Amino acid sequence: MSELYVKFRGCCARTSKYLFSRLTRDKLRFKWNYIEEYGLVNFLSYTAKCYLNNLLPPNYKINLAITAIAKNEASYIREWIEFHRLVGVEKFFIYDNESTDNLKEILQPYIDSEIVEYICFPGKCRQFAAYRNSIRRNANKVKYMAFIDCDEFITPIKHNTIPEFIEYLEKKINHKIDALGINWIMHGYNGHYEKQEGLVCENYSKCDLNTGANQHIKSIVRLRSVISNNHPHFCIHKLFSKIVNANGEEMYGPFTEPHLDEIVIHHYYTKSYTETKNKIQKGFADQTNKRPISAFMPPAKEQPKKLEFVPDFLSVDEDHSMDRFIPLLKEKLGIN
């Protein structure tokens with residue numbers, strides 16, 4: 001009897017610790033924010049679909065994919081795709097938000113070979129809708145999905161591919177991972193006023209390793225653990241999901257202390273000064289009428305008044321963790 005009582009007390013203590021932990025409060029807060037924005041019926045519907053998906057056998061066709069919303073990204077999209085193919089991404093779901101350049105033409109060979117699934121997705125502030133659409137469509141086809149932008153490059157440091165790192169981290173923490181939060185490294189102008197020829201990862205190796213913006217994360221998620229999404233940096237997950245940072249520590253939300261030794265996201269935030277101005281003019285897909293989600297950049301209508309060319313903006317340090325991929329990347333792109 002005493003042994004059962006000890007087990008009962010231990011179970012109660014663990015339950016109490018979970019229910020009253022900061023992580024649980026954060027999870028409930030983000031769920032409540034979603035309910036406030038989209039309604040209880042919507043939330044319950046997505047929750048039911050998530051739990052029903054988990055009853056199905058895990059017959060995934062794709063191990064790792066990326067979902068991204070794109071607008072006028074033709075100049076760099078091939079480099080972005082080919083780099084991520086080198087690090088283990090099998091499929092790309094590209095939501096084209098009214099591009100006026102030749103984005104679809106550039107993507108057509110990838111579409112024909114089924115590496116890219118191209119979705120025309122017009123309208124304003126459509127990032128969250130695109131992510132939710134991808135979650136619904138792919139929960140039973142894709143095991144892991146990264147939700148990133150076309151100026152962000154997920155880079156494993158000590159492993160050759162992203163899946164290798166995830167496998168390593170799961171062994172390290174002795175638990176399957178439902179979501180992995182990967183910190184940014186922010187890259188700025190690198191002294192470039194005008195657009196440069198060549199690879200982004202070569203032209204913009206300078207960065208800022210100490211900016212507070214590097215506390216931001218983007219997520220790779222096990223899709224079947226995801227209920228829905230109303231934030232560009234992380235998803236809303238079912239109960240008891242294991243959500244960790246790159247060091248294997250539990251987290252929840254868009255920020256964590258930077259862990260840059262094992263895997264990072266190189267965020268080529270500005271590229272050149274002139275390209276930054278163009279980016280501001282086209283607007284941001286993650287802004288809503290209620291609030292700007294992009295914490296590091298003011299709302300687009302305010303930015304032109306403040307924008308100026310500071311050559312070393314986010315360019316005071318050097319990072320060469322992408323260098324080992326450059327020769328093969330150039331070969332894939334046909335660059336001498």
By residue number, the members of segment 57-81 that are within 17 Å of the chain's Cα centre (by Cα), in contact (Cβ under 8 Å) with a residue 40 or more places away in the chain and assigned to a helix (DSSP H, G or I) are 77, 80
Note: among 329, 307, just one is surrounded by 13 or more Cβ atoms within 10 Å (Cβ to Cβ) and at pLDDT 95 or above, namely 329
Of the residues in segment 82-105 that are within 21 Å of residue 334 (Cβ to Cβ) and in contact (Cβ under 8 Å) with a residue 60 or more places away in the chain, the one that is surrounded by the fewest Cβ atoms within 10 Å (Cβ to Cβ) is 86
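Search segment 241-262 for residues being touching a residue at least 24 places away in the same chain (Cβ under 8 Å) and among the acidic types (Asp, Glu), and hand back the single one that is surrounded by the most Cβ atoms within 10 Å (Cβ to Cβ).
In the first step, residues of segment 241-262 are kept if they are touching a residue at least 24 places away in the same chain (Cβ under 8 Å); the result is 241-246, 248, 250-262.
Remaining after also requiring among the acidic types (Asp, Glu): 250, 257, 261-262.
Numbers: 250: 14, 257: 11, 261: 11, 262: 17.
Top of the filtered list is 262.
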Restricted to segment 148-196 and to residues being aromatic (Phe, Trp, Tyr) and assigned to a loop (DSSP other than H, G, I, E, B), the residue nearest to residue 330 (Cα to Cα) is 189
Residue 126 vs (1) basic (Lys, Arg); (2) modelled with pLDDT under 95; (3) touching a Lys or Arg at 6+ places or on another chain (Cβ under 6 Å): all pass except (3)
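Would segment 175-195 turn up any residue that is free of Cβ contacts under 8 Å to residues at least 24 places away in the same chain, surrounded by 14 or more Cβ atoms within 10 Å (Cβ to Cβ) and out of contact with any His (no Cβ under 8 Å at 6 or more places or on another chain)? Quick ask: steps written out before the conclusion?
Looking only at segment 175-195, we keep the residues that are free of Cβ contacts under 8 Å to residues at least 24 places away in the same chain, and these are none.
Checked against the condition, which is being free of Cβ contacts under 8 Å to residues at least 24 places away in the same chain, surrounded by 14 or more Cβ atoms within 10 Å (Cβ to Cβ) and out of contact with any His (no Cβ under 8 Å at 6 or more places or on another chain), segment 175-195 yields no hits at all.
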Only unsatisfied item for residue 220, checking (1) within 24 Å of residue 150 (Cβ to Cβ); (2) assigned to a loop (DSSP other than H, G, I, E, B), is (2)
Residue set 114, 164, 152; condition free of Cβ contacts under 8 Å to residues at least 40 places away in the same chain and out of contact with any Ser or Thr (no Cβ under 9 Å at 6 or more places or on another chain); output residue 114
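In segment 263-277, how many residues are over 15 Å from residue 219 (Cα atoms) and crowded, with 17+ Cβ neighbours inside 10 Å?
Filtering segment 263-277 down to residues over 15 Å from residue 219 (Cα atoms) leaves 268-277.
From what's left, crowded, with 17+ Cβ neighbours inside 10 Å: 268-273, 275-276.
Within segment 263-277, residues that are over 15 Å from residue 219 (Cα atoms) and crowded, with 17+ Cβ neighbours inside 10 Å number 8.
Within segment 197-214, track down each residue that is polar (S, T, N, Q), assigned to a loop (DSSP other than H, G, I, E, B) and modelled with pLDDT of 95 or more. Please lay out each step first, then the result.
Narrowing segment 197-214 to residues polar (S, T, N, Q): 203, 205, 210-211, 214.
Checking the rest, the ones that are also assigned to a loop (DSSP other than H, G, I, E, B) come to 205, 210-211.
Result: 205, single match.
The values are calculated or read from the model by the stated rules, or taken from the named source; none is laboratory data. Just so it is clear, the model here is predicted, and its values are computed rather than measured. Backbone-built Cβ (ideal geometry, glycine too); neighbour counts: all protein chains shown.
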